[in-house]
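Enquirer: Have a look at this one before I ask anything.
The values are calculated or read from the model by the stated rules, or taken from the named source; none is laboratory data. Predicted, not measured: the structure shown is a model, and the values here were computed from it. Cβ placement follows ideal geometry from the backbone for every residue including glycine, while neighbour counts extend to all protein chains displayed. With ligands, DNA and RNA removed, areas are computed over all heavy atoms of the protein, side chains included. Shrake-Rupley method; radii C 1.70, N 1.55, O 1.52, S 1.80 Å.
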Amino acid sequence: MSEKKKSSLLGRLFGNRNKEIDILVEEQIQSPSKMMLDNFLHNRLGMTGLIGFFVILMIVTIVPIFMPINLGESDNTQTNVAPGLVMMKFPKELEGNVADISNGPTYGVGVDKDGKVYVWGHTKISKIIDIANIPMEIQRANIRMVAAGYDHVVAVDKDNNVYVWGNDRLGQDNIPSELVPSKIRGTKEIIQLEAGYQISGAVTADGEAYLWGNENMSDLSVHPEYQGHIKKLAITNSYYCLLLDDGSVVYGGYKSNAFSNVPATLKSDVVDIAASSDTMCGLKSDGTLVVWGNGTHGEDKPPVMSSKPVEIYGGRWHYSVLLENGDVLSWGNNSHKETEVPQSVNDAEIDTIYSSYFQNYAVTKDGRILTWGLKGYLLGTDNLGRDILTRLVHGGKTTMTVGFVAEVIALTIGVITGGLAGYFGGSVDLLIMRIAEVIGSLPFLPFALLLSAIIGSRIDVQLRMYLIMVVLGLLSWTGVCRLVRAQILAEREKEFVLAAQAMGVKEGAIIFRHILPNVMSILLVDATLAFATCMLTESSLSYLGFGISPPTPTWGNMLTGANNSIVIQQYWWQWVFVSIIFGVCTICINLVGDAIRDAVDPKSLGR
Amino acid sequence: MLKYVLKRIGYMIVVFFAVSFLMYCLYNLIPQDPARMELEPMKSSMKPAEYQARYEELRKEMGLDDPIVVRYARWMGLTKDLKGNMKGLLEGYFGYSRYFKQDIVEVVKEPIKNTIFINIFATLLALGITIPLGIYCAVHKGGKVDNFTQVLTIVGYSIPTYIIALVFIYVLGVLLRWFPVSGMGTPGANYTGLKYWTDRMYYLCLPLIVMTFGSLGGMTRYVRASMIDALSMDHIKTARAKGVHEKQVIYSHAWRNALLPIIGIVIGWFLGIFSGSVIIENTFGLSGMGSLYIKGLNQHDYELTLAIQMFYTVISLVGALITDLSYGLVDPRVRIDK
């Protein structure tokens, strides 16, 4: 006896309890809705779909709260970056042995004290140019300084020879004759090496500065009167300023621009200079910081500091300073966390900082390298340098919202019209079904395209989104209407309706409270499947450029640029991730819809 | 039966006029001024007063200030146009394309040929695969092939066509380099005869594969479901009990019954031959009706898009009629003259 009980307990554990209950008891405890639920819960595919859908739903509803999107964002240095968080993954060999570090927009270059060059990060600038292909002569040379530009790297070896690799098509390798190895070998001792967007500059020990590179949009000549007095050079994207040996800062070129009017306070007592992409900054001996140029990301407003800054370094749109008490402070643009100095940096004794673009490397006195800033993009960036992950979750939110609202509109119209047509029949039915026929005979996609074209792109993006929802809703109610009508035609002949009529229940109540609940289950199936269809339609419209217009992301318009073979092949991350999440999402919804259908209609289980 | 057909055709005509009027009004909602567009190139060579006078003259010539019903009737060919001819949609004149500077009938000729050409192949391919596959899956329900097909078809009908297209372009066009990814023939090759056809088919391979794959999902599931229903009928048991050969049971007894629900879809597909897929044609750079429509919208050539739209509408109306009638023809139990 006890043996039997045990097995029944085991049986219960493994879900095989129905065997113990005799058929009458089972019949009694199973209400239709419970049976549906049971059927649904035991459908493995359906449950997988439901869980998958909820996971995606959570991702697109909760993650956007923590991941704000800047719709106007675009950065030409961060376009088409491959996925991966490798931008600050410097090789371990470099630690404790750093001679120099510099970084470009997506990659880093470092030299150790033995003259060996290391490259890390996304080094492929274009299909052909790869920074990681360091020329043989540079690998053999004993390099001591490097500087990375947008798509080129300059290096200086122990004999003061200057090398360039990377992109050299725009004059990046026009090294001035004074610095060319073969001509005056080793006569000019280089003390500083800098690189801007596509330009480079060097300062020699005898106080001369040389600049070369892409001459378009830049000002590379140096006033001869400054030559011989130059202590330091700071380069923005295309312009430069000089720190002279009398402690004054000058703009060394000939063109007049936002930088050529150096603030008067920087005429003396300047100890350090630095430049971000669009601003320059001077540090005076009393610790005051003066920023000039086109500060657009807050880099022109230095914060209050706890102690006197002693050294300054510039990134793309941010500055980092080393304070007298050993702390480090960063300010400016923080979209990639480049101004969030980690506590470990403030705890350590910092020797020097290398900061450019969105990355900061701090080298401690005991040789460790600490980093903060942009690690990379988990899913890469698109052709405007926007993070795909952010756009993916926000796009999902848009697509799902549009699909959901359109579906709700369609359901409301469909249920009301279908209910009326089905219950009243006769001329009401005839009229409604003719209208449904007219709407239904409009070819869907072309007509939606037309309506979208009529709405036009002149109106507000937000309003346009609402209109698209309404258009989709107005075009897709006919299916629901027919379904509800057919179901009601079948239901209204049944006895309970007669009973309700006999009891004097109002007609509206009979339709919506007595008949409609019976139609509900089949409606649920249709609504689930139609939700997926609405999402597909929205994305198709957006894909063709007639739906929700950029910069608002949707899963459809994120794929608009993807149908050319260059994107498909080289920038696979721009379409693969969107396709996967969208595909998985619609598959999940359809699985759920199928599972509900099976649960509602036991007959279809056989299929 | 005849009465029913006549009634349906009557309804159809009413619906047609309703749709066309709706459409005409919609197109008139688009802010545009053909008279100003016509005059724009000459604007610099005219004095403002002269320009204004000519503009108003042109508006009158084009009849832009008449009420919309009058313009609709003119466009439809119900009344005489401004030159006094009966020239409208009903007389077979579809209008003039401003972008292509040709009559629309001429503009549409080539794309519609291409579209029909592509779609005939796609439809035949899809039907040729889905029907046998659906029958096989129904007969071998629960087997490995069936389960695999079920998963594949759910993927097929859930994923939007353009994503399927991207995947196939990537795998077959870019990675394996089997097929060209865009266009309708080798550019500048000017092949003739057999070579022209093989070249063209080679270029159409990828779109055809994508279209077939995209339509596999829904149809296979449908065929399978209706075939399972048919196979569970009592007469199948009887036939098997009688000792009828299994092949005959499936193809003669069950398939004929399974055909009924499918026939509507099959007819819909064949009518869809004329419409062309907007997305496929756009993605693969094919010149068909779909891409012509998009071009019309993008170039604001609304007379062209309106004509194409009307063409689509007529097809779908006729399609609905034929489907309903064919049910009655195929299945004597469906009594449509009720």
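Enquirer: Pick out the one residue from B:Gly183, B:Gly218, B:Gly214 that is out of contact with any Leu (no Cβ under 9 Å at 6 or more places or on another chain), within 14 Å of another protein chain (Cβ to nearest Cβ) and under 19 Å from B:Thr115 (Cβ atoms).
Expert: Working: B:Gly183 fails: out of contact with any Leu (no Cβ under 9 Å at 6 or more places or on another chain); B:Gly218 fails: under 19 Å from B:Thr115 (Cβ atoms).
The unique qualifying residue is B:Gly214.
Enquirer: Turning to a different aspect of this structure: Out of everything in region B:12-27 that is of a type outside the set (A, V, I, L, M, F, W, C) and either exposed (fewer than 15 other Cβ atoms within 10 Å of the Cβ) or at pLDDT 85 or above (or both), what residue ends up being farthest from the chain's Cα centre (by Cα)? Spell out the reasoning first.
Expert: From region B:12-27, those of a type outside the set (A, V, I, L, M, F, W, C) are B:20, B:24, B:27; that's our starting set.
Adding the requirement that they be either exposed (fewer than 15 other Cβ atoms within 10 Å of the Cβ) or at pLDDT 85 or above (or both) leaves B:20, B:24.
Details: B:Ser20: 18, B:Tyr24: 20 Å.
Out of the qualifying residues, it is B:Tyr24.
Enquirer: Going through A:Gly395, A:Gly440, A:Gly414, A:Gly403 one at a time, which residue ends up being more than 30 Å from A:Lys124 (Cβ to Cβ), within 24 Å of the chain's Cα centre (by Cα) and either at pLDDT 90 or above or part of a helix (DSSP H, G or I) (or both)? Break it down stepwise before answering.
Expert: Numbers: A:Gly395 fails: more than 30 Å from A:Lys124 (Cβ to Cβ); A:Gly440 fails: within 24 Å of the chain's Cα centre (by Cα); A:Gly414 fails: within 24 Å of the chain's Cα centre (by Cα).
Just a single option satisfies the conditions, and that option is A:Gly403.
Enquirer: Would it be correct to say that B:Ile280 is within 14 Å of chain A (Cβ to nearest Cβ), part of a helix (DSSP H, G or I) and either touching a residue at least 24 places away in the same chain (Cβ under 8 Å) or under 30 Å from B:Tyr72 (Cα atoms) (or both)? Walk me through how you get there before you give the answer.
Expert: Numbers: within 14 Å of chain A (Cβ to nearest Cβ): yes; part of a helix (DSSP H, G or I): yes; either touching a residue at least 24 places away in the same chain (Cβ under 8 Å) or under 30 Å from B:Tyr72 (Cα atoms) (or both): yes.
Yes.
Enquirer: Here is a further query. Give me the pairs: first residue in region A:570-586 and more than 10 Å from chain B (Cβ to nearest Cβ), second residue open to solvent by 50 Å² or more (accessible area, probe 1.4 Å) and outside any helix (DSSP H, G or I), beta-carbon distance under 8 Å, and six or more apart or on different chains, which are they?
Expert: Within 8 Å, the pairs are A:Tyr571/A:Asn383; A:Gln574/A:Asn383.
Enquirer: Are there any pairs, at least 6 apart or on different chains, whose C-beta atoms fall under 9 Å, with the first in region A:36-55 and open to solvent by less than 40 Å² (accessible area, probe 1.4 Å) and the second acidic (Asp, Glu) and part of a helix (DSSP H, G or I), and if so, which?
Expert: A:Phe40/A:Asp598; A:Asn43/A:Asp594; A:Asn43/A:Asp598; A:Gly46/A:Asp594; A:Gly46/A:Asp598; A:Gly49/A:Asp594
Enquirer: I've got another one for you. Restricting to region A:81-110, name every residue that is part of a strand (DSSP E or B) and open to solvent by 30 Å² or more (accessible area, probe 1.4 Å). Spell out the reasoning first.
Expert: To start, the set of residues in region A:81-110 that are part of a strand (DSSP E or B) comprises A:84, A:98-103, A:107-110.
Listed by number, the list holds a single entry, A:Ala99.
Enquirer: Only one of B:Leu152, B:Leu78, B:Leu125 is in contact with a Leu (Cβ under 9 Å, 6 or more places away or on another chain), within 14 Å of another protein chain (Cβ to nearest Cβ) and surrounded by fewer than 18 Cβ atoms within 10 Å (Cβ to Cβ). Can you tell me which?
Expert: Details: B:Leu78 fails: within 14 Å of another protein chain (Cβ to nearest Cβ); B:Leu125 fails: within 14 Å of another protein chain (Cβ to nearest Cβ).
Among B:Leu152, B:Leu78, B:Leu125, only B:Leu152 is in contact with a Leu (Cβ under 9 Å, 6 or more places away or on another chain), within 14 Å of another protein chain (Cβ to nearest Cβ) and surrounded by fewer than 18 Cβ atoms within 10 Å (Cβ to Cβ).
Enquirer: In region B:132-146, is there at least one residue being of a type in the set (A, V, I, L, M, F, W, C), open to solvent by less than 10 Å² (accessible area, probe 1.4 Å) and within 11 Å of chain A (Cβ to nearest Cβ)?
Expert: Yes, some residue in region B:132-146 is of a type in the set (A, V, I, L, M, F, W, C), open to solvent by less than 10 Å² (accessible area, probe 1.4 Å) and within 11 Å of chain A (Cβ to nearest Cβ).
Enquirer: Search region B:28-38 for residues being free of Cβ contacts under 8 Å to residues at least 60 places away in the same chain and more than 8 Å from every other protein chain (Cβ to nearest Cβ), and hand back the single one that is nearest to the chain's Cα centre (by Cα).
Expert: Of all residues in region B:28-38, those free of Cβ contacts under 8 Å to residues at least 60 places away in the same chain come to B:28-29, B:31, B:33, B:35-36, B:38.
Next cut, more than 8 Å from every other protein chain (Cβ to nearest Cβ) only: B:28, B:33, B:35-36, B:38.
Working: B:Asn28: 24, B:Asp33: 30, B:Ala35: 33, B:Arg36: 34, B:Glu38: 33 Å.
That would be B:Asn28.
Enquirer: While we're looking at this one, here's another question. Could you count how many residues in region B:160-179 are under 27 Å from the mean Cα position of the chain (by Cα) and either more than 10 Å from every other protein chain (Cβ to nearest Cβ) or assigned to a helix (DSSP H, G or I) (or both)?
Expert: Start the filter on region B:160-179 by keeping residues that are under 27 Å from the mean Cα position of the chain (by Cα), which leaves B:160-170, B:172-173, B:179.
When the remaining residues are screened for being either more than 10 Å from every other protein chain (Cβ to nearest Cβ) or assigned to a helix (DSSP H, G or I) (or both), the result is B:161-170, B:172-173, B:179.
Residues meeting the conditions: 13.
Enquirer: Name the residue that is nearest to the chain's Cα centre (by Cα), counting only residues in region A:273-289 that are open to solvent by 30 Å² or more (accessible area, probe 1.4 Å) and either assigned by TED's automatic domain parsing to the domain that holds A:Ile101 or without any contact (Cβ under 8 Å) to a residue 40 or more places away in the chain (or both).
Expert: Applying the first criterion (open to solvent by 30 Å² or more (accessible area, probe 1.4 Å)) to region A:273-289 yields A:278, A:284-286, A:288-289.
After this cut, where a residue has to be either assigned by TED's automatic domain parsing to the domain that holds A:Ile101 or without any contact (Cβ under 8 Å) to a residue 40 or more places away in the chain (or both) as well, the list is A:284-286, A:288-289.
Values: A:Lys284: 39, A:Ser285: 42, A:Asp286: 42, A:Thr288: 37, A:Leu289: 34 Å.
Looking at residues that are open to solvent by 30 Å² or more (accessible area, probe 1.4 Å) and either assigned by TED's automatic domain parsing to the domain that holds A:Ile101 or without any contact (Cβ under 8 Å) to a residue 40 or more places away in the chain (or both), I get A:Leu289.
Enquirer: Looking only at region A:465-516, which residues are of a type in the set (D, E, K, R) and modelled with pLDDT of 85 or more?
Expert: First, the residues of region A:465-516 that are of a type in the set (D, E, K, R): A:482, A:485, A:491-495, A:506-507, A:513.
Within region A:465-516, A:Arg482, A:Arg485, A:Glu495, A:Lys506 meet the criteria.
Enquirer: Tell me, which residue of region A:230-272 that is of a type in the set (D, E, K, R) and open to solvent by 40 Å² or more (accessible area, probe 1.4 Å) is nearest to A:Trp292 (Cα to Cα)?
Expert: If we take residues in region A:230-272 being of a type in the set (D, E, K, R) and open to solvent by 40 Å² or more (accessible area, probe 1.4 Å), then A:Lys267 is nearest to A:Trp292 (Cα to Cα).
Conditions (1) within 13 Å of chain A (Cβ to nearest Cβ); (2) crowded, with 23+ Cβ neighbours inside 10 Å; (3) β-branched (Val, Ile, Thr); (4) free of Cβ contacts under 8 Å to residues at least 60 places away in the same chain, marked per residue:
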residue	(1), (2), (3), (4)
B:Leu260	no, no, no, no
B:Val266	no, no, yes, no
B:Ile273	no, no, yes, no
B:Ser287	no, no, no, no
B:Ser291	yes, yes, no, no
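Enquirer: To continue, here is another question. Among (1) surrounded by 24 or more Cβ atoms within 10 Å (Cβ to Cβ); (2) facing chain B (nearest Cβ under 8 Å); (3) at pLDDT below 85, there is one condition A:Gly547 misses while meeting the rest; what is its number?
Expert: Every condition holds for A:Gly547 apart from (2).
Enquirer: On to the next question. Here are some residues: A:Thr390, A:Thr399, A:Thr371, A:Thr381. Which one is crowded, with 18+ Cβ neighbours inside 10 Å, touching a residue at least 12 places away in the same chain (Cβ under 8 Å), over 26 Å from A:Ala486 (Cα atoms) and within 14 Å of chain B (Cβ to nearest Cβ)? I'd like the intermediate steps shown before the answer.
Expert: Working: A:Thr390 fails: within 14 Å of chain B (Cβ to nearest Cβ); A:Thr371 fails: within 14 Å of chain B (Cβ to nearest Cβ); A:Thr381 fails: within 14 Å of chain B (Cβ to nearest Cβ).
Within the list A:Thr390, A:Thr399, A:Thr371, A:Thr381, the selection yields A:Thr399.
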